[in-house]
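The next block holds one structure in the form of structure tokens; read it before the comments.
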Amino acid sequence: MSGQTDVPADAPNQSMNELAFYTLAGAPGSPRDLIQEVHDAEAMGIGACFISERFNIKEAATISGAVGAVSERIGIATAATNHNTRHPLVTAAYASTMHFLTGGRFSLGLGRGIDVFFDALGLPRIRTAELEDFVAVMRRLWQGETVLGHDGPCGRYPFLRLDPDFDEHIPMTFTAFGPNSLALGGRAFDAVVLHTYFTDETTARAVKIVKEAAEKAGRDPADVRVWSCFATIGDHLPYPLRLKKTVGRMATYLQAYGDLMVRTNDWDPDVLARFREDRLVAGFQGALDQKASTAELERVAELIPDAWLAPAATGSPEACVAAIEGQFDLGCDGVILHGAAPADLAPIVAAYRKTRDPARFAHLPANPALAPSPAQSPGFA
């Protein structure tokens, strides 16, 4: 793995808190890969590290602790874990441990998950009311409260307490897709992560829903940071890898929740039907981005319109930068350079730094969900 990056020697003082990456993107060979990734990201000045969860070698609490231990400045957020896979006290303690371990750089990020997967595991499907209830319980525990006899949408719990001396603000992130989730993010969470391959129209609409929901809840809309999750796959990468990270990733989304993708972006449902009916797709075992060969992905590429893959940063570093900057123009507060390790992003990040206006983002703290305002915990950045 490469730790060499094309950045100035004083890059640690030039963190770009509007940029982030996902550690262990896709199907990593080992979770230890994150060590080099985090070191590379900090050397390059990438501001935040997001953590996704898969129930194999990417369990979120373990990965979070590892990132916190090997980093010094980078913000950290789960995007996402699910609140129904752990007892609330375990989740609250996980977040408070990360908060103190990192000096306030951590955000607990939640998501709804996939209904079919929860059905298979025997877990209840996640609803809006229980998420909102759960967030309220977390905030009370981090403020040192003892929660007695809780009986609400997120469950019945006779006794919940962390430490009565706590008086902590741990910002929370929500990975949102549909309008109800986006509105929930705006009124109850501190940051919202959008989905990959949102069209420009969908992205602008999503930002508007989040900010308006925050305002209706009596919050400052600017305090709720919206992150674009933007596929960033430069043409300096080998063709098979680019195919896997574009066609393969989109195909996997369509396998898992294609109807939602199509409905959200106002795409043609007949195209999705033809994709699903194709013999290769219908009979494929597993996720296409993990298991399909290059030849199989080339076949799948014929089923996916170019327009569906267009909302991404592709091509030369300069072309990628232009696409990334376009996400800010749509109203996003930050951009997650999705689908690539920091070493793979190096030429794009170097090109971005050359045209970046530092003053535009100087108000953003390292924690990717912390409000861009002076109201921060003492000593925390």
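Looking at residue 303, is it surrounded by 15 or more Cβ atoms within 10 Å (Cβ to Cβ), over 26 Å from the mean Cα position of the chain (by Cα) and either closer than 27 Å to residue 21 by Cβ or not acidic (Asp, Glu) (or both)? Yes: the conditions hold for residue 303.
Please pick out the residue among 289, 270 that is in contact with a Gly (Cβ under 7 Å, 6 or more places away or on another chain) and part of a helix (DSSP H, G or I).
289
Residues of segment 50-70 that are buried (at least 21 other Cβ atoms within 10 Å of the Cβ) and part of a helix (DSSP H, G or I): 60, 63, 64, 67, 68.
Scanning segment 96-108 for residues that are surrounded by fewer than 20 Cβ atoms within 10 Å (Cβ to Cβ) and either under 18 Å from residue 135 (Cβ atoms) or in contact with a helix residue (DSSP H, G or I) (Cβ under 7 Å, 6 or more places away or on another chain) (or both) yields one hit, 101. Pairs linking a residue in segment 278-292 that is farther than 12 Å from residue 245 by Cα and at pLDDT below 95 to a residue that is polar (S, T, N, Q) and assigned to a helix (DSSP H, G or I), with Cβ atoms under 7 Å and 6 or more positions apart or on different chains, are 287/252; 287/255. Is it true that residue 110 is of a type in the set (A, V, I, L, M) and closer than 22 Å to residue 20 by Cα? Yes, satisfied. Segment 109-209 holds strands (runs of 3 or more DSSP E) entirely within its bounds, and those carrying 1 or more residues that are surrounded by 14 or more Cβ atoms within 10 Å (Cβ to Cβ) and more than 17 Å from the chain's Cα centre (by Cα) map to 147-152, 155-160. Scan segment 247-266 residue by residue and report those that are in contact with a strand residue (DSSP E or B) (Cβ under 9 Å, 6 or more places away or on another chain) and basic (Lys, Arg). Passing the criteria: only 249. Of all residues in segment 281-300, those being surrounded by fewer than 17 Cβ atoms within 10 Å (Cβ to Cβ), farther than 10 Å from residue 248 by Cα and over 25 Å from the mean Cα position of the chain (by Cα) number 6. Among the residues of segment 51-72, the ones that are of a type in the set (Lys, Arg) and farther than 19 Å from residue 40 by Cβ come to 1 in all. No other residue among 152, 178, 122, 103 is touching a residue at least 12 places away in the same chain (Cβ under 8 Å) and within 17 Å of residue 83 (Cα to Cα) apart from 152. Residues of segment 64-85 that are hydrophobic (A, V, I, L, M, F, W, C) and in contact with a strand residue (DSSP E or B) (Cβ under 9 Å, 6 or more places away or on another chain): 67, 74, 76, 77, 79, 80. Counting only residues that are closer than 30 Å to residue 349 by Cα and either among the small types (Gly, Ala, Ser) or touching a helix residue (DSSP H, G or I) at 6+ places or on another chain (Cβ under 6 Å) (or both), which one in segment 210-230 is surrounded by the most Cβ atoms within 10 Å (Cβ to Cβ)? Of everything passing the filter in segment 210-230, 210 is surrounded by the most Cβ atoms within 10 Å (Cβ to Cβ).
The one condition from (1) in the same structural domain as residue 273 (by TED's automatic domain parsing); (2) within 30 Å of residue 56 (Cβ to Cβ) that residue 307 does not meet is (2). Just wondering, is there one or more residues in segment 309-317 that are farther than 20 Å from residue 42 by Cα and part of a helix (DSSP H, G or I)? Within segment 309-317, one or more residues are farther than 20 Å from residue 42 by Cα and part of a helix (DSSP H, G or I).
Of the residues making up segment 322-338, those that are without any contact (Cβ under 8 Å) to a residue 12 or more places away in the chain and farther than 19 Å from residue 363 by Cα number 1.
For segment 82-101, name all the residues that are within 19 Å of the chain's Cα centre (by Cα) and assigned to a loop (DSSP other than H, G, I, E, B).
So the first thing to find is which residues in segment 82-101 are within 19 Å of the chain's Cα centre (by Cα), and the list is 82-85, 91, 94-95, 98-99.
Residue satisfying the conditions is 82 alone.
The values are calculated or read from the model by the stated rules, or taken from the named source; none is laboratory data. Predicted model, so just to flag it, every value in this text is computed and none were measured. Quick reminder, even Gly has a Cβ in these numbers, built from the backbone with ideal geometry, and neighbours come from all protein chains shown.
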